[in-house]
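The values are calculated or read from the model by the stated rules, or taken from the named source; none is laboratory data. From a predicted model like this one, the values you see are computed outputs, not experimental measurements. Here Cβ is always computed from backbone atoms with ideal geometry, including for glycine, and neighbour counts include all displayed protein chains.
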Amino acid sequence: MRISEVARRSGVPATALRYYETLGLITAARAANGYRDFDDGVLTRLDLIEASKELGLPLHAIAGHLDTLQTRSCTQVRDDLRPLLADRLRQLQAKQDRLDRLARRLAAADDALARCPDSQAHCQSECALRLSPDAVRS
């Protein structure tokens, strides 16, 4: 099938398909006219790529995972994939912790600004976005 049909059936843009091909994630035969000719298996492979991307896995890790799927047993795939997923989960938890700290800082800044009195004078330091260490840790 041509790249336009793969794009239509998979929902993956042709530009992404070409990029995946340069990375070796998918392959296509070339017709005599130079057009790419994909077999039906590319759709299953694209499903795996897209599912892996949704898990936040980088393309180089996905490439390794796809290779593992084709060459190893289910047990080996499981044993290879679980540490990768655990590492991704740790990364997301660290990011969540940073976002939680930022949310607390923003809430404290908003609270401090809400208490700032109305005044036509130049802003004083008590109205600035300075936060006490206690406001950030809470």
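Residue under question is residue 24, and the condition is that it be touching a helix residue (DSSP H, G or I) at 6+ places or on another chain (Cβ under 9 Å) and within 25 Å of residue 91 (Cβ to Cβ); does it hold?
yes
Tell me, please, whether a residue that is at pLDDT below 90, of a type in the set (A, V, I, L, M) and part of a helix (DSSP H, G or I) can be found in the stretch 117-133.
The answer is no, given that none of the residues of the stretch 117-133 is at pLDDT below 90, of a type in the set (A, V, I, L, M) and part of a helix (DSSP H, G or I).
Taking only the stretch 11-22 into account, find how many residues are surrounded by 19 or more Cβ atoms within 10 Å (Cβ to Cβ) and assigned to a helix (DSSP H, G or I).
2
Enumerate the pairs (first residue in the stretch 95-123 and farther than 27 Å from residue 56 by Cβ; second residue anywhere and charged (D, E, K, R) and surrounded by 10 or more Cβ atoms within 10 Å (Cβ to Cβ)) with beta-carbon separation below 8 Å, excluding pairs fewer than 6 apart on the same chain, so at least 6 apart or on different chains.
112/130; 116/126
Return the residues of the stretch 56-80 that are part of a helix (DSSP H, G or I) and either farther than 20 Å from residue 26 by Cβ or touching a His at 6+ places or on another chain (Cβ under 6 Å) (or both); say none if nothing qualifies.
Across the stretch 56-80, the qualifying residues are 74, 75, 76, 78, 79, 80.
Yes/no matrix, rows are residues, columns are (1) in contact (Cβ under 8 Å) with a residue 24 or more places away in the chain; (2) over 24 Å from residue 81 (Cα atoms); (3) touching a strand residue (DSSP E or B) at 6+ places or on another chain (Cβ under 6 Å); (4) not charged (D, E, K, R):
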{"position": "8", "(1), (2), (3), (4)": "no, yes, no, no"}
{"position": "13", "(1), (2), (3), (4)": "no, yes, no, yes"}
{"position": "21", "(1), (2), (3), (4)": "no, no, no, no"}
{"position": "39", "(1), (2), (3), (4)": "yes, yes, no, no"}
{"position": "42", "(1), (2), (3), (4)": "yes, no, no, yes"}
{"position": "48", "(1), (2), (3), (4)": "no, no, no, yes"}
{"position": "53", "(1), (2), (3), (4)": "no, no, no, no"}
{"position": "57", "(1), (2), (3), (4)": "yes, no, no, yes"}
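Tell me which residues, restricted to the stretch 23-44, are part of a helix (DSSP H, G or I) and modelled with pLDDT of 95 or more.
Residues satisfying the conditions are 42, 43.
Can you find even one residue in the stretch 107-114 that is exposed (fewer than 10 other Cβ atoms within 10 Å of the Cβ), assigned to a helix (DSSP H, G or I) and hydrophobic (A, V, I, L, M, F, W, C)?
Taking every residue of the stretch 107-114 in turn, at least one turns out to be exposed (fewer than 10 other Cβ atoms within 10 Å of the Cβ), assigned to a helix (DSSP H, G or I) and hydrophobic (A, V, I, L, M, F, W, C).
Out of 107, 63, report the one residue that is farther than 24 Å from residue 23 by Cα and of a type in the set (Gly, Ala, Ser).
That would be 107, the only listed residue that is farther than 24 Å from residue 23 by Cα and of a type in the set (Gly, Ala, Ser).
Six or more apart or on different chains, Cβ atoms under 8 Å: show the pairs whose first residue is in the stretch 65-76 and over 18 Å from residue 49 (Cα atoms) and whose second is assigned to a helix (DSSP H, G or I).
Going by the 8 Å Cβ cut-off, the qualifying pairs are 76/68.
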